[in-house]
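Working notes, beginning with the structure itself.
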Amino acid sequence: MPEEPCQCPDCQRFYREHDRLIRESPTLRQQQELSWAALQAFRTLSGRVLEDLQKQHGARPAEATHATPVGPTEEPADALHQAMADLENINAHLFSIEALMERIFDVRVPEAIEQKFRELAGELAPDPLNADRLRLNRLLHQTPDLPDRS
Ligand SMILES: [Zn+2]
């Protein structure tokens with residue numbers, strides 16, 4: 001028997017978001033645009049926060065780059081500089097991801113293939129408010145001790 005997917009609130013939120021992204025962007029072109037916009041939004045925002053922190057607090061001191069874990073006496077300034085170092089890392093990684101992503105964004109496929117994308121998107125992530133889907137969900141979630149209604 002296949003393992004049941006986890007149903008904790010975090011995972012459920014992920015499934016919902018995952019399906020929504022398929023449903024609302026059901027073509028290759030739309031998935032490309034969506035991923036690109038998400039990446040750029042992430043870069044813009046975290047880059048701007050880092051810039052602002054650096055302006056306010058100056059670049060982090062050199063010793064923060066190889067700081068050993070600090071105990072409860074840790075100064076708030078250390079936490080701040082650690083956060084700035086983390087943000088710098090994130091921004092560097094986002095930059096690398098952008099370079100990788102550029103390679104998959106130039107691809108265009110014929111309309112027949114885009115139609116295939118739409119078709120399978122509808123199967124993978126059907127509209128949760130669709131009447132057939134609601135009926136199916138009710139069937140799937142019928143408690144076992146209820147009499148079979150078929
Ligand atoms: Zn989970």
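For this structure, a couple of remarks:
- Filtered residues of the range 97-110 (kept if at pLDDT 95 or above and exposed (fewer than 10 other Cβ atoms within 10 Å of the Cβ)): 110
- The set of residues from the range 1-47 being within 13 Å of the ligand (Cβ to nearest atom) and more than 15 Å from the chain's Cα centre (by Cα) comprises 3, 4, 5, 6, 7, 8, 9.
- Residue check for residue 58: more than 16 Å from the ligand (Cβ to nearest atom) and on the phi > 0 side of the Ramachandran plot: yes
- Looking across the range 65-89 at every residue that is in a loop (DSSP other than H, G, I, E, B) and not small (Gly, Ala, Ser), the one that is modelled with the highest pLDDT is identified as 75.
The values are calculated or read from the model by the stated rules, or taken from the named source; none is laboratory data. The structure displayed is predicted, hence computed values, not measured ones. Cβ atoms come from the backbone with ideal geometry, glycine included; neighbour counts cover every protein chain shown.
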